[in-house]
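What follows is a short report on a single structure.
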Amino acid sequence: MTTNIQELIEQAFDNREMLKNDEVRDAIRQTIELLDKGELRVAEPETDNGATMPHRWKVNEWVKKAVLLYFPICDMQTTEAGPFEYHDKIPLKRDYAAQGVRVVPPATARYGAYLAPGVVMMPSYVNIGAYVDSGTMVDTWATVGSCAQIGRNVHLSGGVGIGGVLEPVQAAPVIIEDNCFIGSRCIVVEGAHIGCEAVLGANTVITGSTHIIDVSNSEPVYYNGYVPPRSVVIPGSYTKHFPAGDYSVSCALIIGQRKESTDKKTSLNAALRDFGVSV
């Protein structure tokens, strides 16, 4: 059945006249419903090597296309939630109690975002197409952008900005793997990939082109858009030459590795204490 839905969506993405067809519109709605239930994902891990090796991820482009096609087939509508009023094309996510999700007012998640049992949303925002796995906390004023993939037992601290991506459809979304701690006011955007159990100190910015430099050994090791598993990362800068002179440019510094521990909270506290990372 999913194969037939995929074929219709692929065809309609190339020929928008097909959006007038009821079968196509139903296929789009079914896809968004499967996203909302977590039965489909915009991106999914192809390998699971534990915390010591990076996962490979597959982007399901056709699912992203369905999200893009969902907007033109929806009408603007007014929704009321207690004292709050919204006017939008995409309805709000509902039935949190049945899903085992704690949502603190005025947190908002759009229909088409998946929140697994045990997720806690403080006053925050999760956009359509996002996947937030069990035990994760989306803390106050944190935002999870469209199609972002957030693993199990992740803590997105206050004011964290996780970027969204819909176009181009082949672009990978932001991926935060299991047991990561993302410190206050961090920004992770442009399809950046944060490996399992990594710790980002407060105000760290990771984009697709950010220089991520491992300075924990005698020679630096450079990464772009990827933080290896268990890395402890803080904001940094390096000097770059421009025609007008030499200036400091922002980067991210890997200053060590989070130690193995069966208790992830203990491991986190140790990492922050050992390396003096602000959160």
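Quick note: the coordinates plus some simple rules give every number you see, no bench work behind them. Everything quoted here is computed from the prediction, not taken from an experiment. All Cβ positions, glycine included, derive from the backbone under ideal geometry; neighbour counts span all protein chains shown.
Before moving on, here are some points about what is shown:
- Cα shape, the stretch 52-148, gyration tensor, a/c 1.5 rule: oblate
- The lysine pair count for the chain, using Cα distances under 22 Å and pairs eight or more places apart or on different chains, is 12.
- Computed on the Cα trace of the chain, the radius of gyration divided by the Kirkwood hydrodynamic radius gives Rg/Rh = 1.01.
- For chymotrypsin sites (Phe, Trp or Tyr not before Pro), no site in the stretch 155-249 is both called loop by DSSP and has at most 10 other Cβ atoms within 10 Å.
- Backbone amide hydrogens, once placed in the peptide plane, bring Lys93 within less than 5 Å of Ala109, Arg110, Tyr111, excluding anything fewer than 5 places away on its chain.
- Each residue of the stretch 138-145 was assigned a 3J(HN,Hα) from its phi angle through the Karplus expression (A = 6.51, B = -1.76, C = 1.60, θ = phi - 60°), giving 9, 7, 4, 6, 7, 10, 10, x Hz with x at Gly and Pro.
- Taking the charge dipole of the chain about its Cα centre, with +1 at Lys and Arg Cβ atoms and -1 at Asp and Glu Cβ atoms, the residue from Ala192, Ile128, Pro106 reaching farthest to the positive side is Pro106.
- Listed values for the stretch 28-34 are Karplus-derived 3J(HN,Hα) couplings in whole Hz (6.51 cos²θ - 1.76 cosθ + 1.60, θ = phi - 60°), namely 5, 5, 4, 5, 5, 5, 5, and x replaces Gly and Pro.
- When the charge dipole of the stretch 2-273 is built from unit charges on Cβ atoms (+1 for Lys and Arg, -1 for Asp and Glu) and taken about the Cα centre, the candidate among Pro173, Ala66, Gly161 whose Cα reaches farthest toward its positive end is Gly161.
- Loop sites by DSSP among the GluC sites (Glu not before Pro) of the chain, restricted to those with at most 11 other Cβ atoms within 10 angstrom, leave 47-259 as the longest stretch without any of them.
- For Gly256, the residues 5 or more places off, or on other chains, whose built amide H falls under 5 Å of its own are Val232.
- Under Karplus coefficients 6.51, -1.76 and 1.60, residue-wise ³J(HN,Hα) of the stretch 243-254 in Hz, glycine/proline x: x, 8, x, 9, 9, 7, 10, 5, 8, 10, 10, 8
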